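The values are calculated or read from the model by the stated rules, or taken from the named source; none is laboratory data. Everything numeric here is computed off the predicted structure, so don't read it as measured data. Because the Cβ atoms are built from the backbone with ideal geometry, glycine has one as well, and the counts that use them run over all protein chains shown. Quick note on the areas: whole protein, heavy atoms, side chains included, nothing else; ligands and nucleic acids left out. Shrake-Rupley method; radii C 1.70, N 1.55, O 1.52, S 1.80 Å.
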Amino acid sequence: SAAAEPANKEDERKMEIDLEKDDSERSSECENDESEHNMEIPKDSFSMFYTAKCVPEHFLPVCIFLLQMTTLTLIGYNLLKEGGLSNRNPMNAPVGVPLTVTISQYIACFVSVFTSEDLVTGMLYIGSRVGPKGYSPLNNDELPPTSFKWKMSNIMRMFEGAAVIVVSFIFIVQSSTVIDLFLNFAGVTFVASLDDIIFKLADNGFLGRKARKLAKRISDCRAYDHSQGWMGKRRLTFRFIFFTAIAVALWVGLSFVVHDQYNRKFACRSVTVTVGDTKHPWSRHYSGTYTLSKTRSHEMRAVYVKDQGMKGVVYYSVTTKRWTVGELAEDGTIMLSAWTFMSEKTETFDIREVTDLQLWTGENAHSEAQCNDCNPFDGSDETCLLHGSCGEDYTCTCDEDHFGPFCQHEGPCTEMIMDKFVEGSRSTSSNSSSRSFDLLYDDHHKKKPFMWLGFPVYRQNQSPFWHMAFDGGYWIIIEGQYTDTEDLLKHLGQSYRTTTNFDVIYISEHSSASSPEDLEFRARLTDSEGDGWDDDVNYPSSIGRLGEEEFHFNCADCSNSTINIDTTGRAGTFCLDSNGKARETGVCEELPSDHHGTVNRCKCDPGFMGPHCQIRPLEGKVKLQLDLGSGYCTACGGTNEWSFWGLDGIKTTCIPYPREPLSFIGTNGTFFRQLGLNLNRSHFSMLVSSDDAAGESNVCNATIAAKEIYAIRRNISEDRINLEFSIHLNKTSSFFGEIAEPEGFECKVTTNVHPSVCSSIGPLQHAWIQLDMQVTPIAHDPNSKTQMPTQNTNDNANDDLNSKTQMP
């Protein structure tokens, strides 16, 4: 071993001397070696693949080729994965770019020609034959045979060169700034030069002795071709033609992209603007869908015009460098106002990159702009949220039970029902006798709901034919008879310009909800006042004065689906049972409808009301005012709406109140009183226990143990019967109570206590039981033999309260 080590070192020194000698000889020979019919083969890792003689020597050039192709493939995939599935923009090019970027793109296409050296070289050398240096064949027959490895090395060279050109072109097309353009281009150039860099490292010994020896063999090889003659003077001509063809191809491809950008082919087709709650309520009329204008552009960017309502416009202002929401005047000019919305400062050409909008003053308006385009080449229905399909026009066609730009809204509901009437509106017509608003359909498409600002419109189908629509920030109820949807559309489209001719009689809380369900509505008592911003248009600064009493709408549609209630998108889809729990099957029935064909409606248990049986037979509150005789009262209760939840008139027909009897001290000592609230299918009554009849078993029976103090039939009204009065009890043992005014108690000072201590207060001198309750009606049963006193009441179930006469 000791003897072999000096010998190996001696061999290495000898080999290095030979390599240096070969270098010097090669440099001198190369000056005169090339001729018209032969040329040195390219000095890169692809030629190293050809000169490799054993399997290990092939490893380095193959790895470099795989590294280049993998890197370029990953770059190309990453660049195309967002837009590669869309035939509208397969290159994922920007919506638009500044003129400076466009000029730089054309320059970059010319520069990228020089990165195509490997492609051109491979095309020129693939048909040649390779032989040793110094070989001088007299004719083609004496040329060495074509080598398979030589063809493979040139095919690898051509693949790598073509991949470099493709990736470079994608980078050029996708660049939106000059700096990004050339930075990305420089990165691709580095990947393209890896084969040359590896050869130089190997040739200079940085990759080891074997790699250097492999690189040196390239100098011993020449490419020969007697028939074509491209090795000499014509070689430059062929290269020039190839390079020019590549440059022209890149320029033509780029020109197609620039043409599409100029014609806004890549721009969003439509935009939905949603205006939040601001101190300028008139600005809500900017809400709605804006469609890409085919005839207008501004600062080389797309312009979007509002489809319905005010003539709104979304455009880019080069002065402020913001996307702006303004208004189009009659002459087509853009008007700006104190309610103009703007994006953050940006130079983007794509409205998709704009999200939040704010007032021009900088005030946060809680508003946004959203592109409505879907992707028909997505390969799934997720682009329309699994409730529709995306068409070739990049819009979603929704299923019958969904609507919206992405089918994100459930419905529309076929019928909306008010939970109660509210008086005091400024309506000039008689109050409506119907609480039902039916979905309005388009006159031209009988099965297609009539939409305004992307939301459904509802109408009463009996006089006075009120309409309910969304105005951009509020759901409103307007009066006025419109013969058809065209007439209604014209009215809605013009009325935003003033404060009064919208004829709004009821208005909801501010909302962008797709349905008026569960929103709080109030009567609109007065018109809003303008602020005089414009001499011709009196823009309102408020929505006017509203009434204090509110009401809500409920959707009448129901479902027997077993889908989880929380995922249905709308509360109340299921019908409720007597326990207030959702029933999934059995009670939602299909019924014929004159307006909607077939509808689903809940079949409620007797006494339950509401579209989904959500109104119980007895609802409300009861409050106790207890007087120990000093005029200072103790109050308890009045806040618990669950006190009579179980009294449904079916399973439970009577509940004692309070739970523990009240004790009074009279002339003959202490006695007890307790109320029994009785509800059945024919009437509602209240009983008062006698001296020793306290307890549920006695107070709920109208016998000698309990006296009936109040009763009312449940068939006297179609609406819920209001019970707003007090029952007065005192220390007289023969007195079973009287009906009094709701606030008819005589207390100097009232102290509230927790209901749990009410039963411990006593003995009492007086007690007032205040009722604020509602009883649902039930149609009269002709087979019933129960004879109750007739009460002439509808909204107030009291007799003459001032008389304070005891009921029989």
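Worth pointing out:
- Estimated FRET transfer efficiency when R0 is 30 angstrom, pair Asp356-Glu520 (beta carbons, to 0.05): 0.65
- Per-residue HN-Hα couplings for the range 470-478 [Karplus 6.51, -1.76, 1.60; θ = phi - 60°; Hz; x = Gly/Pro]: 9, 9, x, x, 9, 8, 10, 10, 10
- Note on Glu590 and Ile334: their simple-model spin labels are 5.3 nm apart, each label 7 Å out from Cα toward Cβ.
- Shown for the range 233-298: the carbon plus sulfur share of the solvent-accessible area, taken with all protein chains present and a 1.4 angstrom probe, equals 64%.
- Backbone N under 14 Å from the Asp442 label point (7 Å along Cα→Cβ), restricted to the range 300-332: 308
- Accessible surface, per residue, of the range 174-214 when the full set of protein chains is kept, probe 1.4 Å, Å²: 55
- FRET efficiency, Lys279 to Phe421 (Cβ-Cβ, R0 35 Å, nearest 0.05): 0.65
- Stretched out straight at 0.36 nm per residue, the stretch from Ile241 to Asn668 would grow longer than its current Cα-Cα span by 141.0 nm.
- The lysines within cross-link reach of Lys81, meaning a Cα-to-Cα straight distance under 20 Å and a gap of 8 or more places when in the same chain, are Lys265.
- Modelled this way, with points 7 Å down the Cα-to-C-beta line, the labels at Thr639 and Tyr262 are 7.3 nm from one another.
- Sequence-distant residues sharing a close amide H with Ser367 (under 5 Å, placed H): Gly276, Leu357
- Per residue, in Å², the accessible surface of the range 353-397 once ligands and nucleic acids are set aside, probe 1.4 Å: 58
- Inter-centroid distance (Cα atoms) of the range 585-617 relative to the range 298-359, Å: 47
- Förster radius 60 Å - calculated FRET efficiency between Val749 and Thr102, Cβ distance, rounded to 0.05: 0.10
- Length gained on full extension, Cys54 to Asp719, computed as 0.36 nm times the residue gap minus the Cα-Cα distance: 229.5 nm.
- Straight-distance candidates among the lysines for linking to Lys53, with alpha-carbon spacing under 26 Å and chain neighbours fewer than 8 residues away dropped: Lys9, Lys14, Lys21, Lys43, Lys133, Lys149, Lys151, Lys200, Lys210, Lys213, Lys216.
- Of the chymotrypsin sites (Phe, Trp or Tyr not before Pro) found in the range 334-369, none is in coil by DSSP with at most 15 other Cβ atoms within 10 Å of its Cβ.
- Each of the peptides 274-281, 251-258 was scored by the mean count of other Cβ atoms within 10 Å over its residues; in descending order, highest first, they stand as 274-281, 251-258.
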